[in-house]
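Visitor: Structure incoming, see below.
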Amino acid sequence: QQLYEGNFEIPGYTGGLITYMRTDSVNLSEQAVTQAKEVIEQEFGQEYAIDKPRQFSNKTKGAQEAHEAIRPTAVNRAPESLKSTLSSDQYRLYDLIWRRTVACQMQHALVDTVAVNLACGEGNTFRATGSTVASPGFLAVYEEGVDNSKDAERDVRLPVLDEGDLLSLTEIRAGQHFTEPPARYSEATLVKTLEEYGIGRPSTYAAIIQTLQQREYAVLEKRRFYPTDVGRVVSRFLTQHFDRYVDYDFTAKLEDQLDDITSGKENWITVLENFWKDFNSNVSNVKEKRTR
């Protein structure tokens, strides 16, 4: 919000630093794409630029795309030039938006998949599999953070090796691997899952995460969510007695009904009436059966 509103002491400029942020849109204007290409050619070289602008389509159901994608208002305003003007958080967020905007208009990265056999004494062979970057492309600007440790293990970056190279043996680790349960949700993976189920909007994700912690349904430890006793009890209670309303599809279906109301296909009073009739009956039944 602060980056959008502006109000920074920037010589010769008084506007916002980013476009409107409450949007799901992935469309960039012609002006932004042109600026991005100029920046890429100046900063990284002609070989990193693409001839034809890259366009993206939105896969999120019910996406709100009235506004342009979130991007810097001027792509040629590099993050470094604002470091002394912005707070630490403002700078990091602007830097992320700038990098993603520029990266999406750069050449693809070329990555070689490599398997290396390492001889270690007679009859002993170890194998390393991974990848080497042949041409960095957009990776020169932005590489998405790996949020899941299993993904990190799967994509191992190897140094450039030639046949016959002698390598120094520094350590041999004998490890036993067990099947692990899925990783706990981080803020990023939780938002990604909400998007997949069509629950919430970009403007509500922060509030959802805040509510989980404020009501102590879950705690964030080492960037992962762990349910509390209160969270487990509330979750069990809701799934037992209000399963229809905590069903993954409920919110998505309600969003569809709201869209139908907007387009005039549904009457809003009828939608509310149908919801309230069942919900009120459900609450009354639970009140009678539950002692506390």
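The values are calculated or read from the model by the stated rules, or taken from the named source; none is laboratory data. All values derive from a computational prediction rather than experimental measurement. Note: ideal-geometry Cβ built from the backbone for every residue, glycine included; neighbour counts use all protein chains shown. Just so you know, the surface numbers come from the protein's heavy atoms only, side chains and all, with ligands and any DNA or RNA stripped out. Shrake-Rupley method; radii C 1.70, N 1.55, O 1.52, S 1.80 Å.
Visitor: Give the calculated FRET efficiency between ILE208 and GLU122 to the nearest 0.05, with a Förster radius of 51 Å applied to their Cβ-Cβ distance.
Guide: The calculated FRET efficiency here is 0.30.
Visitor: Whenever you get a sec, line up GLU144, GLU30, GLU68 from highest to lowest accessible area (probe 1.4 Å, protein heavy atoms).
Guide: Per-residue accessible area, sorted high to low, gives GLU30, GLU144, GLU68.
Visitor: Hey, can you grab everything whose amide H is under 5 Å from the amide H of THR228? Only 5+ residues off in sequence or another chain; H modelled, so Pro and N-termini drop out.
Guide: ALA218, VAL219
Visitor: Starting from the amide H of SER131, placed 1.01 Å from N in the peptide plane, find each other amide H under 5 Å away whose residue is 5 or more places distant or on another chain.
Guide: When sequence neighbours closer than 5 places are left aside, the close amide H contacts are VAL114, VAL156, ARG157, LEU158.
Visitor: So, one more: So what's the range 1-79 giving for Cα Rg divided by 2.2 N^0.38 Å, two decimals?
Guide: Cα Rg divided by the expected 2.2 N^0.38 Å: 1.23.
Visitor: Ok, one more. From Cα pairs below 8 angstrom and at least 6 apart in sequence, can you work out the relative contact order of the range 191-270, rounded to a whole percent?
Guide: The normalised contact order for the range 191-270 reaches 23 percent.
Visitor: Once you have a ≥ b ≥ c as the square roots of the Cα gyration tensor eigenvalues for the range 198-240, tell me rounded if a/c is under 1.5, and otherwise prolate or oblate according to whether a/b is larger than b/c.
Guide: Oblate is the answer for the range 198-240, as a/c is 1.5 or above yet b/c matches or exceeds a/b.
Visitor: Rank MET106, MET21 by accessible area, highest first, at a 1.4 Å probe radius?
Guide: MET21, MET106
Visitor: Quick one: angle between helix 202-214 and the longest Cα principal axis of the chain, in degrees between 0 and 90, rounded to 10, please.
Guide: 80 degrees
Visitor: Take every Cα-Cα distance within the range 14-124, group them into 10 Å bins from 0 onward, and report for each bin the whole-number percent of pairs it holds.
Guide: Percent of Cα pairs in each bin: 12, 36, 27, 11, 7, 6, 1, 0.
Visitor: Follow-up question, since we're still on this one. Taking the 0 to 90 degree range and rounding to the nearest ten, how far is the long axis of helix 187-197 tilted relative to the main principal axis of the chain, both from C-alpha atoms?
Guide: The answer is roughly 60 degrees.
Visitor: In addition: How long is the gain from LEU254 to SER81 if the chain were fully straight, where each residue apart is worth 0.36 nm and the alpha carbon distance is subtracted?
Guide: Additional length available on full extension: 57.8 nm.
Visitor: Also: Between the helical axis of 88-103 and the dominant principal axis of the chain, each derived from Cα atoms, what acute angle in degrees is found, rounded to the nearest 10?
Guide: So the inclination is approximately 70 degrees.
Visitor: I'd like to check one number: the per residue accessible area of the chain, probe 1.4 Å, reported in Å² as a whole number.
Guide: I get 73 Å² per residue for the chain.
Visitor: Also, I was wondering about something else. Which of LEU17, LEU254, LEU118 moves most in a GNM of the chain, Cα contacts under 10 Å?
Guide: Greatest mean-square fluctuation among the candidates belongs to LEU118.
Visitor: Counting alpha carbon pairs within less than 8 Å and at least 6 residues apart, what relative contact order, in whole percent, applies to the chain?
Guide: Normalised by residue count, the contact order of the chain is 12 percent.
Visitor: Within the accessible area of the chain, what % is carbon and sulfur when the probe is 1.4 Å and the other protein chains stay in place?
Guide: The computed percentage sits at 50.
Visitor: Where Rh denotes the Kirkwood radius from the mean inverse Cα pair distance, what is Rg over Rh for the chain?
Guide: My calculation of the ratio gives 1.06.
Visitor: For the range 140-292, state the average projected area of the convex hull of the C-alpha atoms over all orientations, rounded to one decimal in nm².
Guide: So the Cα hull casts an average projection of 16.9 nm².
Visitor: Ok, one more. Is there a pair in LYS37/LYS253; LYS253/LYS287; LYS52/LYS222; LYS265/LYS289; LYS222/LYS287; LYS37/LYS83 whose C-alpha atoms are over 32 Å apart, and which pairs would that be?
Guide: Too far apart for the 32 Å limit: LYS37/LYS253; LYS52/LYS222; LYS265/LYS289; LYS222/LYS287.
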